[in-house]
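Here's the structure we're looking at; comments come further down.
The values are calculated or read from the model by the stated rules, or taken from the named source; none is laboratory data. Every value quoted in this text rests on a predicted model; they were computed, and no experiment measured them. Here the Cβ positions follow ideal geometry from the backbone for every residue, glycine too, while neighbour counts run over all protein chains shown.
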Amino acid sequence: MADRIMEGNRVLIAGTINTPIEYDHQLYGEVFYKFYVGVPRLSGYIDVLPITISERLMGHIDISVGKEIIVEGQLRSYNKQIGGKNKLILTVFARDVYAKTEPIKNPNTIFLNGFLCKKPIYRITPFKREISDILLAVNRMYNKSDYIPAIAWGRNARFCETLNVGDELMIWGRIQSRIYQKRLSEYEVVERTAYEVSITKMELVDRKPD
């Protein structure tokens, strides 16, 4: 069971560290740190992704700004109180980190096997692109789950309209960062970053009979 859960959430990120490492939290005597890695897309845009790493992985590698690294792990989520409201926070939880010594063909890949939490939201952008927003619950050890937002495009977006809450999905894609502006009041607007999975391939696991 543990191996199946681990296999259902796999991430590989290869990029350049662009922020100093800083303390994040401590759990059961183990200290965790956080930093950000820039991962370029083919378009030239750079996704800036958060990485959470245990102190126990930091003894054999230089984690300083400008270093190129590869991170293997899982995409995790947790709720954080911000301004009196719960906000879903995403981070790449590192299980292994090592120096990047040669080009990587696919520097940003993710595979998830989880369950649909709510009905997908289908829409068409002003540029006539079809999009569906989904939220996937991915099981984790100790009866926990990670809630991962994802976006499907084109024919995959249309396919999402046939899905039901509770359907089991397998998705492949990449993690992307997206900067947006949030209006706090009539006079105050703040810039924030959202993270989500951009789906390139998806499969519906056989539904159980009603």
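Some observations on this one:
- Test result for Gly15, of a type outside the set (Val, Ile, Thr), surrounded by 12 or more Cβ atoms within 10 Å (Cβ to Cβ) and not assigned by TED's automatic domain parsing to the domain that holds Ala194: yes
- Taking the criterion of being modelled with pLDDT under 95 and among the hydrophobic types (A, V, I, L, M, F, W, C), the residues of region 126-149 that qualify are Phe127, Met141.
- Where a residue in region 185-205 is under 19 Å from Ala157 (Cβ atoms) and its partner, wherever it lies, is loosely packed, with under 14 Cβ neighbours inside 10 Å and at pLDDT 90 or above, with Cβ under 6 Å and at least six apart: Ala194/Arg178
- Number of the exception - Arg155 against (1) surrounded by 11 or more Cβ atoms within 10 Å (Cβ to Cβ); (2) part of a helix (DSSP H, G or I); (3) basic (Lys, Arg): (1)
- Filtering region 3-35 to residues that are touching a residue at least 12 places away in the same chain (Cβ under 8 Å), assigned to a strand (DSSP E or B), more than 22 Å from Leu112 (Cα to Cα) and of a type outside the set (Asp, Glu) leaves Thr16, Ile17, Val31, Phe32, Tyr33, Lys34, Phe35.
- When residues of region 18-33 are limited to those that are in contact with an Asp or Glu (Cβ under 6 Å, 6 or more places away or on another chain) and over 23 Å from Asn139 (Cα atoms), the one surrounded by the fewest Cβ atoms within 10 Å (Cβ to Cβ): Val31
- Yes/no for Ser64 being of a type in the set (Gly, Ala, Ser) and surrounded by 15 or more Cβ atoms within 10 Å (Cβ to Cβ): no
- Restricting Ala157, Ala152 to those that are in contact (Cβ under 8 Å) with a residue 40 or more places away in the chain, out of contact with any Pro (no Cβ under 7 Å at 6 or more places or on another chain) and small (Gly, Ala, Ser) reduces the list to Ala152.
- Every condition in (1) acidic (Asp, Glu); (2) touching a residue at least 12 places away in the same chain (Cβ under 8 Å); (3) over 30 Å from Asp167 (Cβ atoms) is met by Glu102 except one, and the failing one is (2).
- One residue alone among Val39, Val138 is within 21 Å of Thr200 (Cα to Cα), within 16 Å of the chain's Cα centre (by Cα), crowded, with 17+ Cβ neighbours inside 10 Å and not assigned by TED's automatic domain parsing to the domain that holds Met170, and that residue is Val39.
- Scope region 158-187; condition in a strand (DSSP E or B), of a type outside the set (D, E, K, R) and surrounded by 16 or more Cβ atoms within 10 Å (Cβ to Cβ); matching residues: Leu169, Ile171, Gly173, Ile175, Gln176, Ser177
- Residue selected from region 108-131 under the condition touching a residue at least 60 places away in the same chain (Cβ under 8 Å) and in contact with a Leu (Cβ under 8 Å, 6 or more places away or on another chain), by the criterion farthest from Gly44 (Cα to Cα): Gly114
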